[in-house]
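Chemist: Just dropping this structure here.
Derivation of every value follows stated rules applied to the coordinates shown; laboratory data play no part. This structure is a prediction, so every number in the text was calculated from the model and none was measured. Positions of Cβ are backbone-derived with ideal geometry, glycine not excepted, and every protein chain shown enters the neighbour counts.
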Amino acid sequence: MAGDLDELAAALPEGRVVTDPDVVGAYSRDHAEAVAPPGQARCLVSARDAGEVAATVSWASRHGVPVVPRGGGTGLAGGAAAVDGCVILSLAQMNAIREVDPADELAVAEAGVLNADLDRAAAAHGLMYAPDPSSYEISTIGGNLATNAGGLRCVKYGVTRDAVLGLEVVLANGRVVRTGRRTVKGVAGYDLTSLFVGSEGTLGVITSATLRLRPRPAESPATLAASFPSFAAAARAVTAILQARLQPSLLELLDRVTLRAIDDWKHLGFGDSQALLIAQADTDDGARRAAVMQRICTEHGALLADVSDSEAQARQLLDIRRLAGLATERLGAILVEDVCVPRSRLPDMIERIEGAADRHGVLIATVAHGGDGNLHPVFVFDHQPEVPASVWAAADEVFRAALDLGGTLTGEHGVGVIKRRWLAAELGEDAMAVHRAIKGALDPAGIMNPGKGF
């Protein structure tokens, strides 16, 4: 093993290969550690450019060493968890925004660029990078691409894949390929860009991307906050808002357990509210659209529904939404899930989640990108070496409910380690065979993030 690492160290600039167990251990896990504990990695490589990534993967290919790519480590499905004997390949230092082109409304960013930093760079030109996961201040573009991350603005602007024009990818044999283009249109060849987006590092390592930017709204969005006597009532209001064709730029839901967790921490005074809906409209007539959303919420039983065009108040409400994950973590160990159903079935899915919690005696805190039908039920349990059987039973019921309602196991977090056991139930054996064929063609030795995805 020492000889192998000497060869790797010789192929890279000094200091790139790290074997200190404390450092390697810190890079071996993501935010799903409680349910997807990491293995024992061989070493860490902190790459600075695509050439160093290619040299690392080439070495790994020659020696049959697993490669686990890593960005900010904010994943929630165990996709960045180390496997025994692997090299952890960190792209966090590849953080250059190579280009922002206002004329063509695009940017070229390396994989380690933070999502929020790219958006701030675009803002200097009156543009924005639309995908905005809740971890946008600490998650990287590479990780967002690997999981096809979503975010709060997905209801209007789409997920990460909708913002990707092209990629630079290091394949399992160390070769570098470039996919896609800088043009708005282009259908030459297979859509390899879409293939790699969401592939969770199992087909290659994304090192940079050409990304679509959008015009930034000129005015602060009109923001609606509405509290409801039940989570299901809030979900029915979301469905009605969508059916009214109001094109909101944000529709977020928080349930009672989440609100209590935030309130216990920050003392914001949510009172008896059982659910909170936060909505925004960022068009020129946003105030009118928000007023219609306000009326719809009132018609669906809202206890309170207020509209504001204050930028400060909007920021405060979004901060509340982004606090949800941290607040829930304070309750205990967590399993964060990510089911998505057709938007019209959102109320049904909420009832199924609440039923599963009651039947299995498990505390579930749920937030949702309501406009996408994308729910994040968070299963809370006491810290212990193994996830309790009751939690897995409740999760199994929730996953199968999503599939029963015509939905999916994951809208944006990815399959990772956690959801592999359910994947065939969604895809079917024929589609699974196609996945295996693609994996075998691009990674015949099976070194790229093994044990993840499928």
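Chemist: Please report the Cα spread of the chain along all three principal axes, rounded to whole Å, starting with the longest.
Modeler: 69, 55, 44
Chemist: Out of every Cα-Cα pair in the range 118-179, what percent are more than 18 Å apart?
Modeler: Every Cα pair in the range 118-179 considered, those over 18 Å come to 42 percent.
Chemist: Given 4 °C and 1.567 mPa s, how large is the Stokes-Einstein diffusion coefficient of the range 314-414 in µm²/s, with Rh as the Kirkwood radius over Cα pairs? Don't skip to the answer; put the middle values down first.
Modeler: Numbers: Rh = 13.9 Å.
D = 93 µm²/s.
Chemist: What are the residues whose amide H is under 5 Å from the amide H of L165, where those residues sit 5 or more places off or on another chain and H is modelled from the backbone?
Modeler: T210, L211, R212
Chemist: Now for a separate question. First measure r as the distance between the Cβ atoms of N173 and R359, then evaluate 1/(1 + (r/R0)^6) with R0 = 51 Å and state the FRET efficiency to the nearest 0.05.
Modeler: The pair N173/R359 has a calculated efficiency of 0.55.
Chemist: Quick check: pseudo-label points 7 Å beyond the Cα along Cα→Cβ at D264 and A389, how many nm apart are they?
Modeler: Taking the simple label geometry, D264 and A389 are separated by 2.7 nm.
Chemist: Something else about it: Scan around G72 for amide H atoms under 5 Å from its own, H built in the peptide plane at 1.01 Å from N, and keep only partners 5 or more places away or cross-chain.
Modeler: T140, G143
Chemist: Quick check: pseudo-label points 7 Å beyond the Cα along Cα→Cβ at H435 and A11, how many nm apart are they?
Modeler: The two pseudo-label positions are separated by 2.9 nm.
Chemist: With r as the distance between the Cβ atoms of E137 and L304 and R0 = 35 Å, compute the FRET efficiency 1/(1 + (r/R0)^6) and round to 0.05.
Modeler: 0.75
Chemist: Separate question: Which distance in Å, rounded to a whole number, links the C-alpha centroids of the range 301-316 and the range 113-153?
Modeler: 24 Å
Chemist: Right, another one. Along the range 143-156, what does the Karplus equation 6.51 cos²θ - 1.76 cosθ + 1.60 (θ = phi - 60°) give for ³J(HN,Hα), rounded to whole Hz, x for Gly and Pro?
Modeler: Result, rounded to whole Hz: x, 4, 5, 4, 10, 6, 4, x, x, 6, 8, 4, 4, 10.
Chemist: Could I ask something else about it? Tell me which lysines have Cα within less than 20 Å of K452's Cα, excluding those fewer than 8 residues away on the same chain?
Modeler: K419, K439
Chemist: Determine the gain in length on full extension of the stretch D272-Y190; use 0.36 nm per residue of separation and subtract their C-alpha separation, reporting nm with one decimal.
Modeler: Contour length minus Cα-Cα distance gives 24.2 nm.
Chemist: At q = 0.11, 0.19, 0.21, 0.22 Å⁻¹, what log₁₀ I(q)/I(0) does a Debye calculation on the Cα points of the range 216-354 give, no solvent, two decimals?
Modeler: Rounded to two decimals, the profile gives -0.39, -1.16, -1.36, -1.44.
Chemist: Going through the range 173-275, which GluC sites (Glu not before Pro) have at most 15 other Cβ atoms within 10 Å and a DSSP loop state?
Modeler: Values: sites: E200, E219, E252; in loops: E200, E219.
In loop regions of the range 173-275 (DSSP not H, G, I, E or B), the sparsely surrounded GluC sites (Glu not before Pro) are E219.
Chemist: Let me ask something else. Across the range 167-181, in residue order, what do the Karplus-derived ³J(HN,Hα) couplings come to in whole Hz, using 6.51 cos²θ - 1.76 cosθ + 1.60 with θ = phi - 60° and x for Gly and Pro?
Modeler: So the Karplus estimates, Gly and Pro as x, are 9, 10, 9, 9, 7, 5, 8, x, 7, 9, 10, 10, 10, x, 6 Hz.
Chemist: At what distance in nm do the modelled label points of V292 and A103 sit from each other, each positioned 7 Å from its Cα along Cα→Cβ?
Modeler: According to this spin-label approximation, the distance is 3.8 nm.
Chemist: Related question: If packing is taken as the average number of other Cβ atoms within 10 Å across a peptide's residues, how do 418-430, 202-214, 232-244, 280-292 rank, most packed first?
Modeler: Numbers: 418-430: 15.0, 202-214: 24.8, 232-244: 21.3, 280-292: 18.9.
Top of the packing list down: 202-214, 232-244, 280-292, 418-430.
Chemist: Along the three principal axes, how long is the range 82-196 when you take its alpha carbons, biggest first, rounded to the nearest angstrom?
Modeler: Largest to smallest, the principal-axis extents are 46, 35, 27 Å.
Chemist: Just the Cα atoms of the range 128-243: what Rg and Dmax do they give in Å?
Modeler: For the range 128-243, the Cα-based Rg and Dmax read 17.6, 57 Å.
Chemist: Another question, then. Determine ³J(HN,Hα), in whole Hz, for all residues of the range 307-316 in sequence, where each value follows from phi through the Karplus function 6.51 cos²θ - 1.76 cosθ + 1.60 and θ = phi - 60°; x replaces Gly and Pro.
Modeler: Along the range 307-316, the couplings run 10, 9, 10, 6, 5, 5, 5, 4, 5, 5 Hz.
Chemist: Quick check: convex hull of the Cα atoms in the range 383-424, volume per residue, rounded to a whole Å³?
Modeler: Taking only Cα atoms, the range 383-424 has a hull volume of 87 Å³ per residue.
Chemist: While we're here: Please list the non-local residues whose amide H lies under 5 Å from the amide H of L250, H modeled 1.01 Å from N, same-chain partners needing a gap of 5 or more.
Modeler: Here Q280 satisfy the definition.
Chemist: Tell me the Kirkwood hydrodynamic radius of the range 34-119 in angstroms, computed as one over the mean inverse distance between distinct C-alpha pairs.
Modeler: 14.3 Å
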